[in-house]
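Here, each number is a calculation from the coordinates, and none is a lab measurement. Quick caveat, the model's predicted, so the values are computed rather than measured. Cβ placement follows ideal geometry from the backbone for every residue including glycine, while neighbour counts extend to all protein chains displayed.
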Amino acid sequence: MSDICPTVLPQEIACAEVNAPPCGIVVFGASGDLVRRKLLSSVFELLRRGLLNENFYLVGCSRSSFSDEQYRTDVGDCIRESLGDVPSDLLRRFTDKVYYIVGDYEQESFYKSIAAKISQLDGEHNVEGGRIFYLAVPPLLYGTIVEGLDKAGLSCPGKPGCERIRVVVEKPFGRDLKSADDLNQTIHRHFGERQIYRIDHYLGKETVQNILMFRFANTIFEPVWNRNFIDHVQITIAESVGVEHRGGYYDNAGALRDMFQNHMLGMLALVAMEPPPSFEADHVRDEKVKLLRCIRPLTSQGVNSDFVRGQYTAGRIDGQKVCGYRHEPKVDAVSTTETYVAARLFVDNWRWQDVPFYLRTGKRLARKDTEIAITFKKIPHSMFVSAGLPDLPANTLVMHIQPEEGISLSFQAKRPGSKVCIGTLRMKFSYAEVFGGEPPDAYQRLLLDCMLGDQTLFTRQDDVKISWSLLEPVLKMWEDKSSMPYEYRAGSESFLQADRLIESDGRKWRPLSEI
Ligand code: BG6
């Protein structure tokens, strides 16, 4: 297949970006990995891009002991570690607005000190009532923290003006339908749904948001975006990393809970949903939920035929030896947790009836590759067969999410020379080539939206409920510790049973590829 270089046309750019209003952020789990690697640098980047309001403060809260000054130094170090060298005057401007409170999540006194500190900071930084409580802590603590905040008078659900007091909850949001329901109820006792921002960082990725622009800002794709023209859809999130330092969490979660229930189903919803009437949060989220409701319910027989799970064994990634999953730190030596899931799903509605959606995600695969590939139907009749040419391949449209962001479309065209000579060409657009540099990290988008009170890219409670209920039969069957995931060697592209899932339909997984 040959590539056609992209031509960058002079563009008409229509951008809508709004700067953050005044706001204070209180981060629980401040000494944890997520905050240190992602959050702090994302808030700093918002400042650097001129999107953060000058009337702003950030309070780190955790069990580790720091003074304000020590925490400021630590925050500076984290930002430099994530972003490299940054202007020191800008960094100072940021860290001057950073504070720290140490405490025990179980103690009322902790929330009282937070309440006292932020009421003082609200005045000093003039944040006009804008507050975000960011829970970057293990899910077990969500209930304790929201209750503590409420008792200290910091939540105010349902009262006018309270929408500017928000709570951000990281995934995993529950581990099954029941626990997600319980968690929703607990949080709802203290915060209203309009105040709750459930993060799925995939929805903050530029190229994932682009699915909506691509589909609904063009006329040429929507008419063919249905069962009449599309043969099947493949959604892949392949990772070359293993469980890293998160073995303890991961061994209790597995790929189905960690990636499938949220990121994979979220992307499926965006690819397949109906056009919303407007880009308003609830219009978009209504359509996502409607789509999830249309996914054909699974039966236990369906789980066996339409879901495959795997677990990696020792192998090589980029030439380096890596251990098998069961030898990872904090992982049970006889663990039956899956590190790979492949599935075939159907969406029972007029647009998609009988079009298979193949989804797969796994750790320690050959390469990092996240993409959504739409394979169109083959031409109904080829006039070139009589001229000696075989069956022609179908057109494929690929949305490359990472590591390189872009879109490509393959099609057939005549090659110069012989009278009848056809080849597959690929037209590709790469974000880096066209717009230069890396797109902003997903957390920047999500934090900014949260400050702005825009819930479009956050998961609503009904979405959480439907996705968990869809997966209940799978969770139930895989709970049985006597049945094991299939093994695959670290560094492989796929394995026999995962291949069979799609090959039994006469199709193939796309090779894991760079753009
Ligand atoms: C997280 C999962 O939500 O997403 C991780 O918990 C996974 O296990 C990560 O590695 C992948 O995110 P990204 O942005 O690197 O594709």
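Applying 1/(1 + (r/R0)^6) with R0 = 60 Å to the Cβ-Cβ distance of SER305 and ARG92 gives a FRET efficiency near 0.50.
Working out 0.36 nm times the residue gap between PHE279 and HIS327, then minus their Cα-Cα distance, what length gain in nm do you get to one decimal?
12.6 nm
Where both bridge residues fall in the chain, DSSP classifies roughly 55% of the beta bridges as antiparallel. Restricting things to Cα coordinates, could you compute the convex hull volume per residue of region 143-191 in Å³? Per residue, the Cα convex hull of region 143-191 comes to 72 Å³.
Ordered by packing density, taken as the mean number of other Cβ atoms within 10 Å over each peptide's residues, highest first, how do 20-32, 211-223, 276-288 rank?
On the way: 20-32: 22.5, 211-223: 12.8, 276-288: 16.5.
Descending mean neighbour count gives 20-32, 276-288, 211-223.
Rounded to the nearest 0.05, the FRET efficiency derived from the C-beta distance between MET383 and ARG246 at R0 = 51 Å is 0.40. In order along region 318-332, phi translates into HN-Hα couplings of 6, x, 9, 5, 10, 7, x, 4, 5, 9, 5, x, 6, 9, 4 Hz, rounded to whole numbers, per the Karplus curve 6.51 cos²θ - 1.76 cosθ + 1.60 with θ = phi - 60° and x for Gly and Pro. Distance from the C-alpha centroid of region 356-386 to that of region 108-153: 48 Å, rounded to the whole angstrom.
Counting other beta carbons within 10 Å of each residue's own, what order do ARG49, ARG507 fall into, fewest first? Don't skip to the answer; put the middle values down first.
Working: ARG49 13, ARG507 16.
Neighbour counts put them in this order, fewest first: ARG49, ARG507.
In plain terms, the residue of ASP332, ASP85, ASP258 with the fewest other Cβ atoms within 10 Å comes first and the most crowded comes last, giving ASP85, ASP332, ASP258. Take the Cα of PHE411, step 7 Å toward its Cβ, do the same at GLU193, and the gap between the two points is 4.3 nm. The fraction of Cα-Cα pairs per 20 angstrom bin, counted from 0 for the chain, comes to 21, 53, 24, 2, 0 percent, rounded to whole percents. Shape verdict for region 385-515, please, from the Cα gyration tensor: rounded (a/c under 1.5), prolate (a/b greater than b/c) or oblate. Oblate shape, in that a/c is at least 1.5 and b/c is the bigger or equal ratio. Here is the link list: LYS363/LYS508; LYS151/LYS178; LYS368/LYS481; LYS288/LYS465. Which ones come out longer than 22 Å on Cα distance? Pairs exceeding the cut-off: LYS151/LYS178; LYS368/LYS481. Taken over the alpha carbons of region 199-327 as equal point scatterers, the Debye sum produces base-10 log I(q)/I(0) values at 0.10, 0.12, 0.14, 0.16 Å⁻¹ of -0.46, -0.64, -0.83, -1.00. As a length-normalised measure over Cα pairs under 8 Å and 6 or more apart, the relative contact order of the chain settles at 18 percent. Taking 0.36 nm per residue of sequence separation and removing the Cα-Cα distance, the SER483/LYS151 pair yields an extension gain of 115.0 nm. Inter-label distance, THR144 to GLU54: 4.1 nm, where each label sits 7 Å from its Cα along the C-beta direction.
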